[in-house]
Amino acid sequence: MVPPAPPQQSSSAKRGMFSVLGPDVIVTGNVTATADLHIDGRVEGDVNCGTLAQGSESQIFGSVTAEVARLAGAIEGTVRVKTLTVERSAKITGDVEYENITIENGGHIDGRLKHMSTVDTSAAPRPVVAPAASPFGAANEQAA
């Protein structure tokens, strides 16, 4: 007998849900998860999720975007995570953008680190500034 399908849950009821890609799983393509995601296998594509836990034998070849991540495996690509923990077994090759970061002794990052601004500057009004006169033009006028 087949058990009945679980009831549909709203996005606000995702607490306690998680998805796992086991060590024998190879995904070719992008992975998007609304629930927490645990990756022990290999992903050849971008990963986008709320919370990511990466196992030490895991490999990701693509960008990683998450609110919270604990990385322990290999990543080749850009990492953009608000709260990031890089474990001692992690090896990241690519730029890392973060708000809060913890790098355990032995964790490797081969790329640039960039702190995310907590203020979205693209939405802020910008002051209008008149173009300044060239300092070289003024010097030439005075010399004449």
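Scan the strands (runs of 3 or more DSSP E) fully inside segment 37-77 and keep the ones with 2 or more residues being of a type in the set (Gly, Ala, Ser).
Details: elements: 42-44, 47-54, 59-61, 64-71, 74-76.
Filter on segment 37-77 gives 47-54, 64-71.
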Item to check | Test result for residue 34, hydroxyl-bearing (Ser, Thr, Tyr) and at pLDDT below 95 | outcome: yes
Checklist entry - Tell me, which residue of segment 38-65 that is without any contact (Cβ under 8 Å) to a residue 24 or more places away in the chain and aliphatic (A, V, I, L, M) is surrounded by the fewest Cβ atoms within 10 Å (Cβ to Cβ)? => result 53
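The values are calculated or read from the model by the stated rules, or taken from the named source; none is laboratory data. A quick note: this is a predicted structure, and the numbers were derived from the prediction, not measured. Ideal geometry is used to build each Cβ from the backbone, glycine not excepted, and the neighbour counts take in all protein chains shown.
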